[in-house]
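The values are calculated or read from the model by the stated rules, or taken from the named source; none is laboratory data. Small disclaimer: the values here were computed from a predicted structure and weren't measured. All Cβ positions, glycine included, derive from the backbone under ideal geometry; neighbour counts span all protein chains shown. Just so you know, the surface numbers come from the protein's heavy atoms only, side chains and all, with ligands and any DNA or RNA stripped out. Shrake-Rupley method; radii C 1.70, N 1.55, O 1.52, S 1.80 Å.
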Amino acid sequence: MISYQNFLNTGFGLAVFSFFALSLAVPSGYSYGSSAMALLALASLLHKPRQQAGMRETGILLASLAAIGLIWAMGYGSSTSAGLDYGAKYALAGLSLWVLSRSGLCPRAVVWGLAAGSVGALGVAAYQYLVLHLTKASGFTNAIQYGGIAMYMGIACWALAVLGRWRGWQIGLLALCGGAGVLASLLSESRGSWVTVPLLLAAIWIMAWRNGHRRSAFVAVVVILAGCVALALPAYQKLEKRAALAVQEARNYQLNPAQYAQTSIGQRLEQWRLALRLIEEKPLAGWGLQGYVRAKQELVDQGLAHPSVMDYGHAHNEILDMWAKRGLAGLLVLLFFYAAPLYVFWPNARRLAAVAAELRPRALALRAAAALLPLAYFGFGWTQVFFAHNSGHLFYTFSLAAFWGAICFLERPPKDCRLGAALAG
């Protein structure tokens with residue numbers, strides 16, 4: 001007869017797999033798995049966990065979730081209902097992370113969930129591109145969010161493939177699935193996801209190199225670069241035009257801001273200019289959500305900004321947007337929200353030594369894929385406010401919970417679980 005704890009463990013595995021697998025494949029796909037994780041976490045409160053791992057690191061992650069959740073919930077002028085909604089989501093993500101840190105999560109739910117999610121993203125992109133004849137694949141969100149998340153999942157799969165020392169067929173399958181995610185991102189034509197690729201490649205190389213996997217570090221960079229080039233070649237002319245257009249729009253804006261502020265790049269540059277101006281006026285306290293909008297409108301009325309800036313309620317840059325609206329405290333909390341997971345997930349000799357020797361390559365691969373998440377979001381945030389969208393919040397927070405549960409599982413597995421079997425699938 002299955003025990004209550006085994007029921008919860010199985011449920012968490014299915015919830016995490018579906019979270020990644022459905023994130024981009026169906027409308028609001030990230031909501032189903034995250035909701036299931038939250039419900040199981042609540043149910044887990046009725047049962048005493050069998051283990052506890054990484055208490056200090058768990059505390060750091062929970063502190064980052066609590067701090068940023070409080071920032072979003074306070075709203076600084078937004079509606080009370082919106083603040084409660086943000087507060088509830090972050091509280092449930094934190095609860096899920098805490099429960100999974102104590103009970104652990106079989107890593108294959110994360111690994112193959114990411115692989116399935118990458119394939120699902122490409123399935124949607126191919127349908128929109130080939131059947132609906134859309135110029136940009138956007139999934140069920142917008143092209144920027146879709147392209148960014150797909151790119152992250154694809155490169156995370158590639159990092160898992162080249163660092164994990166899997167069986168031959170598993171390496172091949174993870175590589176193919178990773179390519180699906182990257183190709184889905186390319187079909188979205190989201191330039192914001194392209195600029196993160198060098199950052200993620202550099203991180204993968206450093207993580208492998210510093211942990212004694214020098215050959216793997218070289219192979220990882222070469223393979224991922226080759227994969228990106230191979231996938232981009234069929235659409236090279238189109239991608240080249242997109243890149244050239246970005247450069248041209250930036251030049252046009254510099255020459256005549258009033259005329260070219262409505263272009264894609266011009267709009268971002270105009271929003272950045274206004275955000276910096278508003279930050280200079282209130283660097284410590286910020287303007288608040290409603291105050292930020294009113295201040296922009298005043299600048300438009302005075303002829304100091306293009307009217308098109310009112311089409312967006314954010315600054316098209318995560319850091320500038322947070323600083324302008326919520327002041328220095330908000331900025332520091334946002335940076336902590338990036339830095340805390342990066343610090344906790346980053347692989348080093350001490351952390352890898354906590355895992356059985358034969359599974360250390362798997363631990364390195366899992367930690368590498370996890371550490372890429374905050375780096376990717378940091379990169380995306382330079383041209384888009386990812387946390388202005390529900391997909392941005394839920395994918396980031398519940399991915400943290402899933403990754404940390406899997407890492408804790410590796411470090412302190414349940415006594416009745418065979419690690420080799422758990423990771424083989």
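Over the Cα atoms of region 259-378, compute the convex hull volume and normalise it per residue, giving Å³.
Per residue, the Cα convex hull of region 259-378 comes to 112 Å³.
Whole-Hz Karplus values for region 96-104 come out as 4, 4, 5, 5, 5, 5, 8, 8, x Hz, taken residue by residue from phi with 6.51 cos²θ - 1.76 cosθ + 1.60 and θ = phi - 60°; glycine and proline positions read x. Label-to-label distance, Glu280 versus Leu176, with points set 7 angstrom from Cα along the beta-carbon direction: 5.6 nm. Taking the accessible area of the chain, probe 1.4 Å, and keeping the other protein chains in place, the carbon and sulfur fraction comes to 66%. Residues considered: Ile204, Ile71, Ile155. Largest GNM mean-square fluctuation over the chain, using C-alpha springs under 10 Å, is found at Ile71. Between Ala66 and Ala232, full extension at 0.36 nm per residue minus the direct alpha carbon distance yields a gain of 55.8 nm. Normalising the average separation of contacting C-alpha pairs (under 8 angstrom, six or more residues apart) by the number of residues puts the relative contact order of the chain at 23 percent.
Given their separation in residues at 0.36 nm each and the Cα-Cα distance between them, Tyr312 and Val223 gain 28.2 nm when the chain is fully extended.
Probe of 1.4 angstrom, ligands and nucleic acids ignored: what's the accessible area per residue over the chain, in square angstrom?
42
A Gaussian network model of the chain, with springs between Cα atoms under 10 Å, assigns the largest mean-square fluctuation among Lys296, Lys241, Lys136 to Lys241. Can you compute the modelled spin-label distance between Met55 and Arg214, with each label point 7 Å from Cα toward Cβ, in nm? Using points 7 Å along Cα→Cβ, the separation is 4.0 nm. For Lys325, the aspartates and glutamates whose Cα falls under 15 Å of its own Cα, not counting residues fewer than eight places away in the same chain, are Glu280, Glu281. Normalised radius of gyration (Cα atoms, divided by 2.2 N^0.38 Å) for the chain: 0.99. For the options Ala93, Ala275, Ala353, a Gaussian network treatment of the chain with springs between C-alpha atoms closer than 10 Å singles out Ala353 as fluctuating the most. Per the Debye calculation on region 99-239 with a single equal scatterer at every Cα and no solvent contribution, log₁₀ I(q)/I(0) for q = 0.08, 0.09, 0.19 Å⁻¹ amounts to -0.22, -0.28, -1.09.
Over region 176-312, what is the mean sequence separation of C-alpha contacts under 8 Å (at least six apart), divided by residue count, expressed as relative contact order in percent? Relative contact order comes out at 16 percent.
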